[in-house]
Amino acid sequence: MKPLQVEVASDVVCPWCYIGKRRLEEALSRFDHADRVTVTYRSFQLDPLSPDTSELGLDEMLAARYGRSIVQARAMNAQVSAVAAGAGLDFRLDIARPANTFRAHRLIHYAADRGLANDLTERVMRGYFSDGMRVGEREDLLRLAVEVGLDKAGAAAVLDSDAYADDVRADIDLARHFGATGVPFFVFDRRYGISGAQETALFTEVLTTTWADRQQLIAAGSRGATCDDDTCAVPGQG
């Protein structure tokens, strides 16, 4: 039987995506069949028109985008940081720098071809939310790629080209096909979906339900010829 597949539409600068990632991981740590589950993070862009990097802090960016004061934006970020802390994450949104994530997503697809996509996804998210890394810039992304074990020259070649651009766009189209209008969006065996960074208990429930559904065989058609014990009957006779 194939592993249970969890696909997550996610952007690496989305705070709720990082929180949702931790909650899914917590659910998996308690799931008896976690070794039979694969998790794939699929590219999504919250703001495809944003510049590669910005000198604005996150407080200033949010204030400008949503018409809030700096004080209000700072309070919003503090609330998110408190929720993140409950998930075991150390957000430093005061040093976060908004970025266009298309380049990062291309690099993650390169990492996927080498079995390191989840490692790089985690490192880029931590770099953005905790370390003040500029994840839209080449040098910072290259440093993170090398940290997770990617070949420096290979990663540099990807960053200096448009490699994997079609893969990123395909992921975004797939998320829309799933019905995602925001992220994170979690899809279990392409059968069940969870929108948003829900509580761990819901992830556990959906994992359990999806696993149970996979164990059930659905009979197709009327009963055919069978052997029961020592008797082999032909349908409609006997």
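A few points about this structure:
For (1) within 14 Å of Leu202 (Cβ to Cβ); (2) in contact with a Ser or Thr (Cβ under 6 Å, 6 or more places away or on another chain), each residue gets a yes or a no:
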| residue | (1), (2) |
| --- | --- |
| Ser10 | no, no |
| Val13 | no, yes |
| Cys17 | no, yes |
| Ala27 | yes, yes |
| Ala34 | no, no |
| Thr38 | no, no |
| Tyr41 | no, yes |
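- Qualifying positions in the range 118-147 - of a type in the set (A, V, I, L, M), in a helix (DSSP H, G or I) and surrounded by 20 or more Cβ atoms within 10 Å (Cβ to Cβ): Leu120, Val124, Met125, Leu141, Leu144, Ala145
- Residue within the range 148-159 that is part of a helix (DSSP H, G or I) and within 18 Å of the chain's Cα centre (by Cα) present: no
- Boolean, Leu93 is in a loop (DSSP other than H, G, I, E, B), modelled with pLDDT of 95 or more, out of contact with any Phe, Trp or Tyr (no Cβ under 6 Å at 6 or more places or on another chain) and under 17 Å from Thr53 (Cα atoms): yes
- Test set (1) hydrophobic (A, V, I, L, M, F, W, C); (2) at pLDDT below 95; (3) over 24 Å from Val146 (Cβ atoms) - Ala99 fails condition number: (3)
- Taken across the range 55-72, residues that are more than 22 Å from the chain's Cα centre (by Cα), basic (Lys, Arg) and closer than 27 Å to Thr181 by Cβ do occur, with at least one present.
To keep it simple, each residue is scored yes or no on (1) more than 23 Å from Ser195 (Cα to Cα); (2) surrounded by fewer than 18 Cβ atoms within 10 Å (Cβ to Cβ).
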{"residue": "Asp35", "(1), (2)": "yes, yes"}
{"residue": "Tyr41", "(1), (2)": "no, no"}
{"residue": "Leu56", "(1), (2)": "yes, yes"}
{"residue": "Ala82", "(1), (2)": "no, yes"}
{"residue": "Asp113", "(1), (2)": "yes, yes"}
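The values are calculated or read from the model by the stated rules, or taken from the named source; none is laboratory data. Computed from a predicted model, the values in this text were never measured in an experiment. Cβ: placed from backbone, ideal geometry, glycine included. Neighbour counts: every protein chain shown.
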